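Derivation of every value follows stated rules applied to the coordinates shown; laboratory data play no part. On a predicted model such as this, the values are computed, not experimentally measured, just so you know. A quick note on method: Cβ atoms are made from the backbone with ideal geometry, for glycine too, and the neighbour counts reach across all protein chains shown.
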Amino acid sequence: MDNAKEGEEIVPQAPRGLKTTVYVMGVLLVVGFIAVFSTIIYRAANMGNNPATATRGAGAEPWSIEATLPAGAQILEMSQADHRLTVRYGSHDSQAIMVFDLKTGQQLGRINFTQ
């Protein structure tokens, strides 16, 4: 307390490591905000560039799929993944799987299973 004058308040010095930590966290916050806002702006600007609609063009009529099932066959299961629609159907003596491309509506293939 030799250097303190009478009536002055003594303020302890912050450790150097604490100051460095605060500066680094501040920089990380700024970089994080820039990343979040730039991602939001990028996605908002590219909303119309959806590849599922790009192949048909603006104002195009929606496509439809017509698939003929064998007599007595029923659809047993449908699933969708990676722009593909898989339809499993069957009758009393056979089953099959048809795969369609959801971007174009075209049938990609058929797998037949018989007993």
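For the pair Gln13 and Tyr42 in one chain, pulling the backbone fully straight at 0.36 nm per residue adds 6.0 nm over the alpha carbon distance. Shown here is the pair-distance distribution of region 65-114: with all Cα-Cα distances grouped in 5 Å bins from zero up to the longest one, the shares run 5, 21, 33, 22, 13, 5, 1 percent.
Report note on the peptides 105-112, 37-44, 93-100, 10-17: ranked by the mean count of other C-beta atoms within 10 Å, highest first, their order is 93-100, 105-112, 37-44, 10-17.
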